[in-house]
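Working notes, beginning with the structure itself.
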Amino acid sequence: MHATLPLMRQSEFPAIQRKRLETLQVNLGYKCNQSCVHCHVNAGPTRTEMMSLETINDVLAFVQTSHVGKLDVTGGAPELNLHFRDLVRSARNLGVRVMDRCNLTILGQPGQDDLAQFLAGQRVEVIASLPCYLGENVDRQRGKGVFDASIRALQTLNRLGYGKPETGLELSLVYNPQGPVLPPAQDQLKTDYRTHLGERYGIVFNELYVLTNMPIQRFGSMLISKGQFERYMDVLKNAYQPANLDNVMCRNLLSVDWCGFVYDCDFNQMLGLPLAYKGRTKTHLRELIGRDLADNPIVVADHCYGCTAGQGSSCGGALAA
């Protein structure tokens, strides 16, 4: 695996500060039933890192005292953490909106037969990765048979009411490009997804989130191996839009790794760039209970151009029309 951070340390990206915290994004572990080419977490079946129950209790204590409105649960496949369901139930009991970043195929894995029903029963928002509406493209990026398994999972979620406006069960899909290019316009692509998935498979969904591939971890290493890293960084820098700075996710999101240490965003977490807080090398979530992070400086490097290029990119999709 090629390290990308040394290629991005001398950054001219502008200084930015945090706003009021709204979302706590928690990585429950790097274990996943898939190994996707574009994965910025380098997740896979052989990873063993998993958040402990003690750290999950720290997460719940922080949620209860900080009054964040959203708990964004990710991985790996977060559902593989043994404490996933307890975390979801406890957060929902606190009145917090829970979002599960689901790879879809996990719904068909052994021991997960009732996972879809659990998510619906807890009214969890499902944010599902489906990087294309064409099977060949999805299987090329995520593995043979993944597209068909994803379609079956989406149909199961639809049968439970997900994606239908009258139920309030939110189902959003996530697209990312096949290679080192910027994604197409989000609104037009959403129309294409709706048409193809609806007519061919009867699938409905609420939103489509378009994400830019980040030049880090597995995808960044692949770019280096192919001699495309510098070219892709030029694409991102040349498409930089200052207007996107005001809405980047790191302004009101806090990222927590499987050990409980905090970062400005998930990408900084994967690069080992911890939150800058009172001169500490690393800060644990429990140390921030009751603390206000507004105006705290955000740690930036050249990968931040990925969030501000073109229409912008965040965990909630494009930042601009």
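The values are calculated or read from the model by the stated rules, or taken from the named source; none is laboratory data. In this text, all values refer to a predicted model and were calculated from it rather than measured experimentally. Heads up, the Cβs are rebuilt from the backbone with ideal geometry, glycines too, and the neighbour counts pull from every protein chain shown. Surface areas here come from the heavy atoms of the whole protein model, side chains and all, with no ligands, DNA or RNA. Shrake-Rupley method; radii C 1.70, N 1.55, O 1.52, S 1.80 Å.
Any chance you could run the full-extension gain for Ala294 through Arg152? It's 0.36 nm times the residue separation minus the Cα-Cα distance, nm to one decimal.
The Ala294-Arg152 span can extend by a further 46.8 nm.
Of the accessible area of region 159-295, with the probe set at 1.4 angstrom, what percent is carbon plus sulfur?
For region 159-295, the apolar C and S fraction of the accessible surface comes to 48 percent.
Scale the Cα Rg of the chain by the rule-of-thumb value 2.2 N^0.38 Å and send over the ratio, two decimals.
The value comes to 0.94.
With springs only between Cα atoms under 10 Å, which of Ser90, Ser172, Ser52 fluctuates most in a Gaussian network model of the chain?
Fluctuation is largest for Ser90.
Quick one: Cα centre-to-centre distance for region 249-284 and region 73-143, in angstrom?
When both Cα centres are located, 23 Å separates them.
Probe of 1.4 angstrom, ligands and nucleic acids ignored: what's the accessible area per residue over the chain, in square angstrom?
Per residue, the chain has an accessible area of 42 Å².
How many percent of DSSP beta bridges within the chain run antiparallel, rounded to 5?
20 percent
Give me the percent relative contact order of region 149-269, please, defined on Cα pairs under 8 angstrom at least 6 residues apart.
So the answer I get is 20 percent.
Calculate, in nm to one decimal, what Val181 and Lys144 gain on full extension: separation in residues at 0.36 nm each, minus their alpha carbon distance.
Going from the current span to full extension adds 11.0 nm.
Of the listed peptides 91-101, 250-260, 271-281, what is their order by residue-averaged count of other C-beta atoms within 10 Å, with the highest listed first?
250-260, 91-101, 271-281
Could you pull out every one of the lysines with an alpha carbon less than 20 Å from that of Lys164, ignoring same-chain neighbours closer than 8 positions?
Counting by Cα, and skipping residues close in sequence, Lys164 has these lysines nearby: Lys190.
If the cut-off is 17 Å between C-alpha atoms, which lysines fall inside it for Lys70, apart from same-chain ones fewer than 8 positions away?
Partners found: Lys19.
So what's the net charge close to Val59: Lys and Arg +1, Asp and Glu -1, counting the other residues with Cβ under 12 Å from its Cβ?
Residues close to Val59 contribute a combined charge of -4.
If packing is taken as the average count of other Cβ atoms within 10 Å, what order do 121-132, 187-198 fall into, highest mean first?
Top to bottom by mean Cβ count within 10 Å: 121-132, 187-198.
Would you calculate, for the chain, the mean residue ellipticity at 222 nm contributed by helices, counting each DSSP H stretch of 4 or more residues as -39,500 (n - 2.57) and dividing by all residues, to the nearest 500?
Helix-only estimate at 222 nm: -9000 deg cm²/dmol.
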